[in-house]
Every structure is written in C-alpha cells, then in structure tokens.
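A.B. asks: Input: one structure, supplied below.
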Amino acid sequence: MSRLLMSILAVGLLVSCGTGKDGKSDVPDGGFNLFPVEKDRELGAQVAKEIASKPAEFPILDSASNVAAYKYIYGVRDKILATGQVKHKDDFLWKIHIIKNDTTLNAFCTPGGYIYFYTGIIKYLENEAQLAGVMGHEMAHADLRHSTRQMTKVFGVQILLAAALGDQSVLGQITTGLLSLKFSRNHETEADHLGVHYLCPTEWQSDGGAGFFEKIMAEGGQTPPEFLSTHPSPDNRVENYHTWAQEEGCSGNATNEAAFRNFQALFD
Ligand SMILES: [Zn+2]
C-alpha cells in the first residue's frame, strides 16, 4: 500500500473515530468517512449555489424582507447550537433558507449545514418543539456527515483515492452522484436519535420531532410527505423518540405554541 493511501486511510479513520457526543459506535457503517470536513462544506456550498440558481423550483424568501420570520427561526437554531451538543457547530455555516411552497411538507439540510424549510412544513407543524425537533433531525444529518459517509460507502476507496489525488473529473462525477443519493434508513434513525440528544438540554420537549409523525398518523398517513420517504415507518419513529427522551432523562416540556403561531402567521 502506498504511503499516500495509508495516510488517506489514516485520516479517514481519525475522522470516523472522533468522539461524537452522541457516543454511538454501533452504527452500521461505523461512521467511516474518508472525506475531510472541508469536503462537506464544499459540497454544501455547491448545492446551495445550485438551489439559489433555480428560483422557480426553490422560491426562497429573502431574509431582508422577511426579517421577523428569519429572526424567529434562527432563534430556534441558536438554542440548538448553544447546547454544546452539535459537534460541527463551528465547522459548518448552519445557514437557514425558507422556501415559499405551502404544499411541500419537507425540510432538508445539505452537507456543511445549509438548512432549508418549506413553508408547507412550517404551516403543518403545531408548535415550536416540533419545529426544533425537525430542525434537530436535519442538522444531525449534516453533523453526522451522512452525505460524505454515504459517498465513502457507495463510491469506494479507489474512486475516492482518485478524488483525493485531485482528479477533478472523478470528483465531478461523485458530486453529481451525491445529489441523487438518499440517506439510508439507519441514517434516518441516527438523525432522529441525535436530534433528541440536541434538544434534551433545552426547555423544549426533546421528542418534539415525534409530533410531526403523530399528526401524520392521526390524519391517516395518506400520501407520505418527502420527509418520510425512505424513512423508517412513522410509528417506529414515534416510539423511538419517546424511548430516547426517557432514556436520557430529558425534562424539557416547553412547546411555545403561542410564539410558534405568531411565526406561522407571518406566512399567511
Ligand atoms: Zn432525515
């Protein structure tokens, strides 16, 4: 094995064995990631740029004319970051965009922490703890570096080695491939779990994320939103949320519904 390959593998192992605050070591891919954190930032910036270039598909509400809405949603983010539980708090941007689309029940986060919320999910949720739960889940995907971990798994060491050596054409192929990658069910479970962990030290119900799925199920669960696709089944997720909150002894019970309703009204 070449010295270069050895050192790349060593770096990967170092990254993957970093002590996550969630303390989980039983993840199926072992958290193995050959990419430096810088790659997550780079990919995120690239995806964010692409999204910004498609205003018809992604009509983003600009922060200058939606000051109150962004102030509120950044306030929620800041409380999550202030817990000290977000491993890559200072590595990633954690920049939020609100997409004006009332029919899409979804939120997502790119590698490197560019967070997107559709007005559809904002209007669907019932309180601030649920919003924080969804946000925590999305932030966890980035914090756990699921995209580059998935890339590590799917594209294999040889292609990654070419990428590490700076072969731009291979890198381009990988990035294109990344955009069509879906998180695995295990990644979803991990993100749910870490989301509870983020919320545990806060005032909020730490299993707030469960509220979203409970509402879906209460309504008969027809036409699952994108947030659910490829995800573990909603009832398992709800059960997990409650179990983890109990296991960690989380005591927060705030839902801040009144403040949340004011936030929602900004989109009427
Ligand atoms: Zn997810």
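Quick note: the coordinates plus some simple rules give every number you see, no bench work behind them. If you're wondering where the values come from, they're calculated on a predicted model, not measured in any experiment. Every residue, glycine as well, gets a Cβ built from its backbone with ideal geometry; the counts of neighbours run over all protein chains shown.
A.B. asks: Under the √(5λ) rule applied to the eigenvalues of the Cα gyration tensor, what semi-axes describe the equivalent ellipsoid of the range 51-131? Give them in Å, descending.
C.D. replies: On the way: eigenvalues 87, 49, 30 Å².
Those come to 21, 16, 12 Å.
A.B. asks: Listed here are the pairs LYS54/LYS95; LYS54/LYS182; LYS49/LYS123; LYS79/LYS153; LYS49/LYS153; LYS39/LYS215; which of them are more than 28 Å apart at the Cα?
C.D. replies: Beyond 28 Å: LYS79/LYS153; LYS39/LYS215.
A.B. asks: Rule-of-thumb check for the range 106-158: C-alpha Rg over 2.2 N^0.38 Å? Show your work: numbers first, answer last.
C.D. replies: Numbers: Rg = 13.7 Å, N = 53, 2.2 N^0.38 = 9.9 Å.
Its radius of gyration relative to the 2.2 N^0.38 Å reference: 1.38.
A.B. asks: Right, another one. Suppose a student asked you for the relative contact order of the range 27-141, using Cα pairs under 8 Å spaced at least 6 residues apart; what percent would you report?
C.D. replies: Relative CO of the range 27-141 lands at 26 percent.
A.B. asks: Mind ranking 250-262, 127-139 by how tightly packed they are, going by the mean number of other C-beta atoms within 10 angstrom, highest first?
C.D. replies: By packing density, highest mean first, the sequence is 127-139, 250-262.
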